[in-house]
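Before any comments, here is the structure.
The values are calculated or read from the model by the stated rules, or taken from the named source; none is laboratory data. Only a predicted model underlies this, so the values are computations on that prediction, with no experimental measurement involved. As a convention, Cβ positions derive from the backbone with ideal geometry for all residues, glycine included, and neighbour counts pool all protein chains shown.
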């Protein structure tokens, strides 16, 4: 069983149903229309010499070409390896030299970057949306002339690799998580069953499609179920809110920064979310203040999600009622999945209520890391994926994510989880955002430094924030220093890039 026929089968079942609305062009595509495009893209790739296990990359803002290439790669057994548009040429050069794509598709906004990279990579370059570059092909012209017949399938199975998605991690070079066909398929099955999706659901895609969340949280599962996707090119807070209402969206994914930006728009007060079944937060834990604000002001269902690129972005499930009853929980393990919480030092399971490392096993776990057997062996042991996340399970079987072990300070022999300290600072009425990092210390080994962003037109002294912590945190958890900043460095999917925080604090 493989995922190469997902779009083909859906187009056979509901060919005339609307599958996708591209907000940038205003074009609406049926399932049959999407499948024709994917077939053309697959046949075009074949003409360029792409065969099973070859890599295909794209450097572009969200656009229909992502859909074409994602499903085309599945049909012919190629590996879809999208590139983070926020990276500079030097960073992209490392990824391209690692995955060695046979073809690189480039959006008009990134032609200059592609020109810089062209001399350093051995790949066909194809320009999207009528952009031009010397010695490059033009995508729209090629798509117009190639056959729209279904391409012949290579010998695919559940373990055949489908995607390479590079994860930034907390330190070091990016690692390419190898996503097999079974992971794509079982993520669709788990999400549809676990979250109750159906052909009547509509979702907006406002997060970037080079990220696993953009591809797999709702997009592929909902198209698997026969629903409708509304694709935004980039994120615009007020425009995306209006789209949710105008397109009658029913299930909506966001990350903490997006929910914060949405609630600060002028349109938020009048937005009618009566058709929304639930909002779900991913990427990073959502501050309780934001969750409560949405529930109280808009009377909406709000859930907390959890996932990783390596194990699928949808790993837990809960009902709307459970989300209220169990604040802060990510729910119970999704349908076809196994979870353990173990003592990271002994490897033994911990009792309910105690913290330990979260381990995940199931058909939605990746194959490992591209050309990195050492990292693979460390992450996947006896079929279990070691997430590096600290979690606990309550007596009712609900899971809570405490923080990352890699995002942990060890000060004077005590563990300090950044997420816990950050949550306390965010409770201060003047604090908009906060992030903790460690700095070397001769006495304690490591101490915490908190970077704080204040709300507009507010002010507070460093000492006042430290006193605020005293009543809420053990002394060893209180930051030794607070640095004020205009903004925190967030990744495209809402995670704070802690390496860059070192530049702010002068590490």
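Here the condition is being under 28 Å from the mean Cα position of the chain (by Cα) and on the phi < 0 side of the Ramachandran plot; of 499, 482, 478, it holds for 499 alone. Within region 336-382, the set of residues being in a loop (DSSP other than H, G, I, E, B), surrounded by fewer than 20 Cβ atoms within 10 Å (Cβ to Cβ) and touching a strand residue (DSSP E or B) at 6+ places or on another chain (Cβ under 8 Å) comprises 343, 344, 348, 350, 352, 353, 354, 355, 367, 371, 372. Taken over region 416-440, residues that are under 23 Å from residue 503 (Cα atoms) and either assigned to a loop (DSSP other than H, G, I, E, B) or at pLDDT 85 or above (or both) amount to 17.
Residues in region 80-119 that are surrounded by 20 or more Cβ atoms within 10 Å (Cβ to Cβ), touching a residue at least 60 places away in the same chain (Cβ under 8 Å) and in a loop (DSSP other than H, G, I, E, B): 4 in all. Scanning region 287-305 for residues that are touching a helix residue (DSSP H, G or I) at 6+ places or on another chain (Cβ under 6 Å) and in a loop (DSSP other than H, G, I, E, B) yields 287, 300, 301.
With respect to the stated conditions, residue 309 is touching a strand residue (DSSP E or B) at 6+ places or on another chain (Cβ under 7 Å) and within 30 Å of residue 182 (Cβ to Cβ). Just one residue in the set 141, 159 is exposed (fewer than 15 other Cβ atoms within 10 Å of the Cβ), more than 25 Å from residue 86 (Cβ to Cβ) and either outside the structural domain of residue 26 (by TED's automatic domain parsing) or in contact (Cβ under 8 Å) with a residue 24 or more places away in the chain (or both); that residue is 159. Taken together, the criteria exclude residue 234 from residues that are free of Cβ contacts under 8 Å to residues at least 40 places away in the same chain and surrounded by fewer than 18 Cβ atoms within 10 Å (Cβ to Cβ).
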